[in-house]
Amino acid sequence: MRSKITVVGAGNVGATCAQRLAERGYADVVLVDIIEGLPQGKALDMLQSGPVVGFDSRLTGTNGYEETKGSDIAIITSGVPRKPGMSRDDLVLTNMKIVKSVTEELVKYSPKCIIIVVANPLDAMAQLALKVSSFPRNRVMGMSGILDTARFRTFLAAELEVSVEDVAAYVLGGHGDTMIPLTRMATVGGVPITEILPAETISKIVERTVKGGGEIVSLLKTGSAYYAPSAGVVQMVDAIVLDKKRILPVAAYLEGEYGINGVFVGVPAKLGKNGIEQIFEIKLTPQEQEALKKSADAVVELVNIMKI
Ligand code: APR
């Protein structure tokens, strides 16, 4: 039997997620949006690509939640991007309302689902979804680490003229300026990058990684990244649906790991059919540990704005 996946938000990220997931063939996909006709039209269009691409996944578009009933996984992409002149607090409060109401509906119809949050500010929205759902922490997570890590790997592979597949790396921390690309642990074909790239080149790549989202926003002028974010979501869904037990950078609710308590931060986690099955504690240097703590503090500041 195919799994059932709900994608809330039929905008750039949501629609691309739905398309990528349908093409995997292992799940039926329900696309939800508040705009009348938008999810229905996009779902129908995607459905009609099935005979050409070769998938039998059913795709349904809706403005309500009845159709989402019994979903195994729910992906929350509904949210507005930060507009010029909008303060960070305004963004948090606007997206908070959306994520709160969406989570309530999802939980009502799919009390056993696993929630993957993509709406920004990512870590704060994941924390809100955890709180509103009252789910155990293994069933609520955020997608950001895979995206940040993918950017880091892309730039490293380009610099070294090697396949992206042979670059292994991790970016930890919150999804924002305080993220931590772990240069010490990045390798190319098993060789540490610190042995083959000058420190100056590495720091330029780190800086570009940290500002990766902004680089795309300034090119696009309107809207933000969605091809790489949706690919990140699908990698997480693959791990869960196929019970792959992959170790991926995931925004997870920490309860003492890394000395951090009660906040979402990007850390390596094992993903399988139960969601987050284990959080891995990498031995960090004092400097990295300090950076992670700083990153967690930045997430706490955002969470405090929501007063949850
Ligand atoms: N319920 C359902 N859908 C909603 C709701 C809601 N309450 N509020 C807004 N939406 C929908 C919008 O109608 C829109 O179609 O969410 C969609 C968002 O799509 P885009 O504006 O294209 O934004 P997108 O690029 O997909 O990004 C979505 O992901 O990466 C993050 O920062 C990004 O928070 C943003 C989110």
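Just the residues that are β-branched (V, I, T) and surrounded by 19 or more Cβ atoms within 10 Å (Cβ to Cβ), please, taken from segment 20-40.
V29, V30, V32, listed by residue number.
Going by what's in this entry, would D28 be described as of a type outside the set (A, V, I, L, M, F, W, C), without any contact (Cβ under 8 Å) to a residue 40 or more places away in the chain and closer than 23 Å to A228 by Cα?
Yes.
If only one of V206, V267 is of a type outside the set (D, E) and not in a strand (DSSP E or B), which one is it?
After ruling out the rest, the residue left standing is V206.
What are the residues in segment 192-217 that are farther than 30 Å from N12 by Cα, open to solvent by less than 40 Å² (accessible area, probe 1.4 Å), of a type in the set (A, V, I, L, M) and in contact (Cβ under 8 Å) with a residue 24 or more places away in the chain, if any?
Across segment 192-217, the qualifying residues are I193, L197.
Could you tell me which of the residues D238, D166 is farther than 26 Å from I114 by Cβ, assigned by TED's automatic domain parsing to the domain that holds L292 and modelled with pLDDT of 95 or more?
D166
One residue is enough: does segment 150-158 have a residue meeting the conditions in the same structural domain as I247 (by TED's automatic domain parsing), surrounded by 24 or more Cβ atoms within 10 Å (Cβ to Cβ) and more than 30 Å from N261 (Cα to Cα)?
yes
Taking segment 221-243 on its own, how many of its residues are on the phi < 0 side of the Ramachandran plot and exposed (fewer than 13 other Cβ atoms within 10 Å of the Cβ)?
Counting residues in segment 221-243 that are on the phi < 0 side of the Ramachandran plot and exposed (fewer than 13 other Cβ atoms within 10 Å of the Cβ) gives 2.
For residues that are in a strand (DSSP E or B), open to solvent by 10 Å² or more (accessible area, probe 1.4 Å) and within 15 Å of the ligand (Cβ to nearest atom), tally how many sit in segment 1-18.
Qualifying residue count, segment 1-18: 0.
Just need a number here: residues in segment 147-179 that are part of a helix (DSSP H, G or I) and hydroxyl-bearing (S, T, Y). Don't jump to the end; show me each part of the working.
Within segment 147-179, the first condition is being part of a helix (DSSP H, G or I), and the residues that meet it are 147-160, 164-166.
Add one more test, that the residue is hydroxyl-bearing (S, T, Y), and what stays is 149, 154.
Selection size over segment 147-179: 2.
Search segment 19-42 for residues being under 13 Å from E67 (Cβ atoms) and assigned to a helix (DSSP H, G or I), and hand back the single one that is nearest to the ligand (Cβ to nearest atom).
P39
Within segment 111-131, can you find the residues that are within 13 Å of the ligand (Cβ to nearest atom) and either open to solvent by 20 Å² or more (accessible area, probe 1.4 Å) or more than 22 Å from E66 (Cβ to Cβ) (or both)?
V117, V118, A119, N120, P121, L122, D123, A124, M125, A126, L128 - these are the residues of segment 111-131 that are within 13 Å of the ligand (Cβ to nearest atom) and either open to solvent by 20 Å² or more (accessible area, probe 1.4 Å) or more than 22 Å from E66 (Cβ to Cβ) (or both).
What are the residues in segment 78-110 that are part of a loop (DSSP other than H, G, I, E, B), within 21 Å of the chain's Cα centre (by Cα) and either closer than 19 Å to R137 by Cα or away from the ligand (no atom under 13 Å from the Cβ) (or both), if any?
S110
For segment 65-77, which positions are more than 16 Å from the ligand (Cβ to nearest atom) and surrounded by 17 or more Cβ atoms within 10 Å (Cβ to Cβ)?
Correct list: D72, I73.
Tally the residues that are within 13 Å of the ligand (Cβ to nearest atom), crowded, with 21+ Cβ neighbours inside 10 Å and not small (G, A, S), restricting the search to segment 43-64.
Adding up the residues that qualify gives 0.
Residues being closer than 22 Å to M179 by Cα and outside any helix (DSSP H, G or I): count how many of those fall in segment 220-254.
Adding up the residues that qualify gives 13.
Collect the residues in segment 81-110 that are within 17 Å of C17 (Cβ to Cβ) and open to solvent by 60 Å² or more (accessible area, probe 1.4 Å), keeping them in residue-number order.
P81
The values are calculated or read from the model by the stated rules, or taken from the named source; none is laboratory data. The structure presented is a predicted model; accordingly, all values stated were derived computationally and were not measured. A quick note on method: Cβ atoms are made from the backbone with ideal geometry, for glycine too, and the neighbour counts reach across all protein chains shown. What goes into the accessible areas is simple: the full protein's heavy atoms, side chains included, and nothing from ligands, DNA or RNA. Shrake-Rupley method; radii C 1.70, N 1.55, O 1.52, S 1.80 Å.
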